[in-house]
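Here is the structure we will look at, set down as structure tokens.
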Amino acid sequence: MTILVYAEHDNATLKPATLNVVTAAKAVGGDIHILVAGKDCQAVATQAAQIAGVTKVLVADHDVYAHQLAENISLLVKDLAPNYSHIFAAATTNGKNFMPRVAALLDMSMITDAIKVVSADTFERPIYAGNAIATVQSGESIKLATIRTTGFDQAAATGGSAAVEVVGLAEDAQKSSFVSEELAKSDRPELTAARIVVSGGRALANSDNFAKVLAPLADKLGAAMGASRAAVDAGYVPNDMQVGQTGKIVAPDLYIAVGISGAIQHLAGMKDSKVIVAVNKDPDAPIASVADYFLEGDLYQIIPELTAKI
Amino acid sequence: MKALVAVKRVVDYNVKVRVKPDHTGVDLTNVKMSMNPFCEIAVEEAVRLKEKGIITEIVVVSVGPAAAQEQIRSAMALGADRGILVQTDDNVSPLTVAKVLKAIAAQENPEVILLGKQAIDDDNNQAGQMLAALMSIGQGTFASKVTVADGKMQVEREIDGGAQTVALPLPAIVTTDLRLNEPRYAALPNIMKARKKPMDTKTLADFGLTSDSKLKTLKVEPPPERKAGIKVKSVDELVDKLKNEAKVI
Ligand SMILES: Cc1cc2nc3c(=O)[nH]c(=O)nc-3n(C[C@H](O)[C@H](O)[C@H](O)COP(=O)(O)OP(=O)(O)OC[C@H]3O[C@@H](n4cnc5c(N)ncnc54)[C@H](O)[C@@H]3O)c2cc1C
Ligand SMILES: Nc1ncnc2c1ncn2[C@@H]1O[C@H](COP(=O)(O)O)[C@@H](O)[C@H]1O
């Protein structure tokens with residue numbers, strides 16, 4: 001068995017999500033190759049070659065892959081597919097964008113959001129916002145899956161010395177073109193990789209309070225900041241901060257939910273966190289059902305006090 | 001210009017489903033069913049394009065049981081013109097749904113095809129991308145803004161780090177994210193009018209398809225329970241617990 005892992009990166013650095021996917025590949029067993037597709041992405045290939053357990057790195061460095069357009073990436077992956085028993089990508093917006101396209105080009109079904117490798121052809125995945133876990137077996141000749149990073153530890157980023165091979169393909173589907181990108185800048189750790197996440201809900205009431213009440217706590221803890229859909233929809237914080245079924249899935253050591261009621265869709269994105277703290281003025285808020293520590297009260301009193309005392 | 005919108009009948013988003021005791025699936029008896037929320041957003045976007053004069057006809061398709069007529073009628077009450085129900089009582093994989101939609105698109109020739117980014121039952125997030133691949137056309141997934149002009153579509157997409165904008169020649173596919181729009185409520189007269197709008201019923205066999213899939217669900221289990229937490233009385237107690245019991249700070 002040889003498994004192809006699609007590298008998540010920004011053309012300069014390899015994203016840690018790739019390391020979780022490598023661990024999923026190791027659970028399958030077999031040779032592990034990494035595909036780095038991008039533009040001027042040699043540095044990423046060098047990093048990928050150092051991941052422990054990886055035997056080969058394929059680099060497709062070309063303009064057509066610069067922005068990870070699914071139309072182009074999927075053609076590349078499809079052409080490489082016959083060499084592999086499994087193709088895995090992180091269940092990020094990027095992985096979810098191109099992988100189903102690869103599957104359809106191969107006329108195969110795929111598995112979204114695998115959280116566990118049961119055997120080489122059988123995987124667990126959450127359905128119904130995580131209220132059920134399905135065990136699914138793939139009878140396809142190539143097992144295609146996106147991997148939920150919270151389900152797997154990160155493989156060691158160093159210790160390996162894989163051969164790097166250039167892939168000559170440059171497939172331009174000419175079905176889409178990149179216009180622009182606006183990436184949020186933040187000095188905080190990335191939401192899906194952070195050890196501590198501090199999230200705010202509708203109760204924060206405006207972006208000012210996110211900055212003045214919640215941010216100091218996050219800063220003191222060195223935490224990433226997240227939010228409920230209600231807070232995002234209301235424009236208090238950017239979209240990419242949404243935690244939940246249809247936002248980001250996080251499982252940090254500590255998740256602090258502030259003024260978040262705990263709707264099913266929100267819980268789906270954070271209930272696998274190691275320790276959950278909820279601060280809410282309603283003792284019956286559903287978030288209490290998953291909180292290890294629930295502190296009832298007004299966040300505007302509690303959060304500044306908490307920030308001062310830790 | 002024609003729009004094709006795919007809508008799925010799913011468990012209502014407010015329902016917390018339970019796994020069946022025999023672990024064959026989730027218990028759907030007497031559970032409220034609705035249009036998948038992302039599909040509602042797709043219908044709303046099509047209606048807005050029609051109101052702007054860009055789209056002239058909206059065709060809705062659902063693959064599902066006879067009862068999925070309700071969701072097609074709901075889409076018509078929101079402004080869709082015509083419905084196609086591809087009737088089956090089986091679970092249908094996103095790949096099969098994509099094949100059905102491809103066949104219907106070949107008959108209808110829509111320029112704009114809208115789907116939800118994911119169905120909130122199986123949480124697959126696949127059908128739109130698969131359809132785009134099968135049709136060999138461009139995709140604007142997780143859309144937060146769509147503009148159609150001069151034979152082209154521009155889609156702003158929600159991506160992990162922020163937002164990306166892509167341009168796609170028509171026909172093209174959009175899958176909707178939550179911030180694309182806020183669906184309207186259907187007004188009573190529109191609900192009445194929707195009853196008279198045309199709806200075709202087809203089967204998978206009409207398209208030479210079956211519900212077979214190479215993915216088999218072996219079992220469905222409840223997620224691991226979290227052990228019950230405690231209520232703390234004060235910030236001091238919380239800080240103490242986090243430092244000395246949980247040891248996370
Ligand atoms: C298709 C779909 C997808 C969705 N996806 C997601 C998703 O990915 N993520 C997500 O989060 N949601 C999602 N939702 C929305 C979800 O259903 C809830 O509406 C949302 O999570 C509620 O956000 P909230 O908890 O901030 O707001 P609310 O439910 O309004 O809760 C606010 C909470 O703050 C408390 N509060 C108020 N004032 C104070 C105070 N001064 N001090 C302390 N506590 C206070 C209240 O007691 C309440 O519990 C989705 C919904 C749909 C339909
Ligand atoms: N059975 C179905 N009938 C109609 N549309 C569907 C069906 N299944 C999926 N879709 C469409 O595909 C989108 C994504 O679904 P999925 O890939 O299953 O998560 C949904 O929001 C619908 O627009």
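The values are calculated or read from the model by the stated rules, or taken from the named source; none is laboratory data. This is a predicted model, so every value here is computed, not measured. Note: ideal-geometry Cβ built from the backbone for every residue, glycine included; neighbour counts use all protein chains shown. Surface accessibility is based on the protein's heavy atoms, side chains included, excluding ligands, DNA and RNA. Shrake-Rupley method; radii C 1.70, N 1.55, O 1.52, S 1.80 Å.
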Considering the dipole of segment A:2-166 built from charges on the beta carbon (Lys and Arg +1, Asp and Glu -1) around the Cα centre, which of A:SER161, A:GLY151, A:VAL44 is farthest to its positive end?
A:GLY151
Quick one: 3J(HN,Hα) in Hz for segment B:190-196, Karplus 6.51/-1.76/1.60 with θ = phi - 60°, rounded, Gly and Pro as x.
6, 5, 5, 4, 4, 5, 9
Per-residue ³J(HN,Hα) for segment A:160-171, Karplus 6.51 cos²θ - 1.76 cosθ + 1.60, θ = phi - 60°, Hz, x for Gly and Pro
x, 8, 6, 6, 9, 10, 8, 9, x, 5, 9, 9
With -39,500 (n - 2.57) per DSSP H segment of 4 or more residues and division by the full residue count of chain A, the 222 nm estimate, nearest 500 deg cm²/dmol, is -6500 deg cm²/dmol
Using a cut-off of 17 Å between alpha-carbon atoms, which aspartates and glutamates can reach A:LYS175, once sequence neighbours fewer than 8 places away in the same chain are excluded?
A:ASP63, A:GLU71, B:GLU111, B:ASP150, B:GLU156
What figure, in Å² to the nearest 10, do you get for the accessible area of A:HIS266 with a 1.4 Å probe and non-protein molecules left out?
10
Among B:232-245, B:192-205, what's the highest-first ranking by average C-beta atoms within 10 angstrom per residue?
B:232-245, B:192-205
Identify the chymotrypsin sites (Phe, Trp or Tyr not before Pro) of segment B:134-211 meeting these criteria: DSSP loop state and at most 11 other C-beta atoms within 10 Å of the C-beta.
B:TYR185
Quickly work out the B:ASP12-to-A:ARG195 label distance, labels modelled 7 Å from Cα along the C-beta direction, and quote it in nm with one decimal.
4.5
Among the lysines, which fall within straight-line cross-link reach of A:LYS281, defined as a Cα-Cα distance under 18 Å, with same-chain neighbours fewer than 8 residues apart omitted?
B:LYS231, B:LYS233
Of the residues B:THR217, B:THR96, B:THR24, which exhibits the maximal mean-square fluctuation in a Gaussian network model of chain B defined by a 10 Å Cα contact cut-off?
B:THR217
Projected onto the charge dipole of segment B:1-134 (+1 at Lys/Arg Cβ, -1 at Asp/Glu Cβ, origin at the Cα centre), which of B:THR24, B:GLN71, B:ILE55 gives the Cα projection farthest towards the positive end?
B:ILE55
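Could you state the orientation-averaged shadow area of the convex hull built on the Cα atoms of segment A:2-166, in nm² to one decimal?
Averaging across all directions leaves 8.3 nm² for the Cα convex hull.
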Can you tell which of A:VAL275, A:PHE88, A:THR55 lies farthest toward the positive end of the dipole of the protein assembly as shown, using +1 and -1 charges on the Cβ of basic and acidic side chains (Lys, Arg; Asp, Glu)?
A:VAL275
Pairwise centroid distance, computed over Cα atoms, of segment B:201-231 with segment A:224-281, Å
25
Partner chain Cβ atoms within 10 Å, averaged over the residues of A:140-148 - can you pull that number for me?
1
Jot down the radius of gyration and Dmax of the protein assembly as shown, Cα atoms only, both in angstrom.
23.2, 69
Per q in 0.19, 0.24, 0.25 1/Å, what log10 I(q)/I(0) does a Debye calculation on the alpha-carbon atoms of segment B:7-105 return?
-0.98, -1.33, -1.39
Charges only on Cβ, +1 for Lys and Arg, -1 for Asp and Glu: so what's the dipole of segment B:162-223 about the Cα centre, in debye to the nearest 20?
280
Give me P(r) over chain A, computed from all C-alpha to C-alpha distances, binned every 10 Å, as integer percentages.
6, 26, 30, 23, 12, 3, 0
For A:VAL118, what residues show an amide H to amide H distance below 5 Å, using hydrogens built from the backbone and excluding near sequence neighbours?
A:PHE123, A:GLU124
If I take every Cα pair under 8 Å that is 6 or more residues apart in chain B, average their sequence separation and divide by the length, what percent do I get for the relative contact order?
23
With every atom except the alpha carbons ignored, what do you get for Rg and Dmax of chain B, in angstroms?
21.0, 67
Work out Dmax and Rg for segment A:177-262 from the C-alpha atoms and quote the Rg first, both in angstrom.
12.6, 42
Kirkwood hydrodynamic radius of segment A:100-227, from inverse mean 1/r over distinct Cα pairs, in Å
19.2
Choice from A:VAL102, A:VAL21, A:VAL136 with maximal GNM fluctuation in chain A (Cα, 10 Å cutoff)
A:VAL136
Filtered trypsin sites (Lys or Arg not before Pro), segment A:168-235: DSSP coil and at most 12 other beta carbons within 10 Å
A:LYS185
Counting only other chains, what is the mean number of Cβ atoms within 10 angstrom of the Cβ of each residue in peptide A:102-113?
6
Using Cα pairs under 8 angstrom and six or more residues apart, how large is the relative contact order of segment A:2-166, in percent?
30
What translational D, rounded to a whole number of µm²/s, comes out for segment A:138-212 from Stokes-Einstein when the hydrodynamic radius is the Kirkwood one over Cα pairs, at 25 °C and 0.890 mPa s?
129
With a 10 Å cut-off between alpha carbons and a GNM built on chain A, which of A:ASN206, A:ASN280, A:ASN11 moves the most?
A:ASN206
Write down the percent of antiparallel bridges among all DSSP beta bridges whose residues are both part of segment A:2-166, to the nearest 5.
30
Inside 10 Å of the C-beta atoms of A:275-282, what's the mean count of C-beta atoms belonging to other chains?
3
Summed residue charge, Cβ within 14 Å of A:LEU105's Cβ, Lys/Arg positive, Asp/Glu negative:
0
Distance cut-off 32 Å, Cα to Cα: go down the list B:LYS196/B:LYS219; A:LYS248/B:LYS214; B:LYS8/B:LYS196; A:LYS26/A:LYS220; A:LYS212/A:LYS271 and report the pairs above it.
B:LYS196/B:LYS219; A:LYS26/A:LYS220
5 angstrom amide H check on A:ALA268, placed H, neighbours 5+ away
A:GLN245
Between A:ILE34 and residues 5 or more places away or on another chain, which pairs have amide H atoms under 5 Å apart, with H built 1.01 Å from N, and which residues are they?
A:VAL5, A:LYS56, A:VAL57, A:LEU58
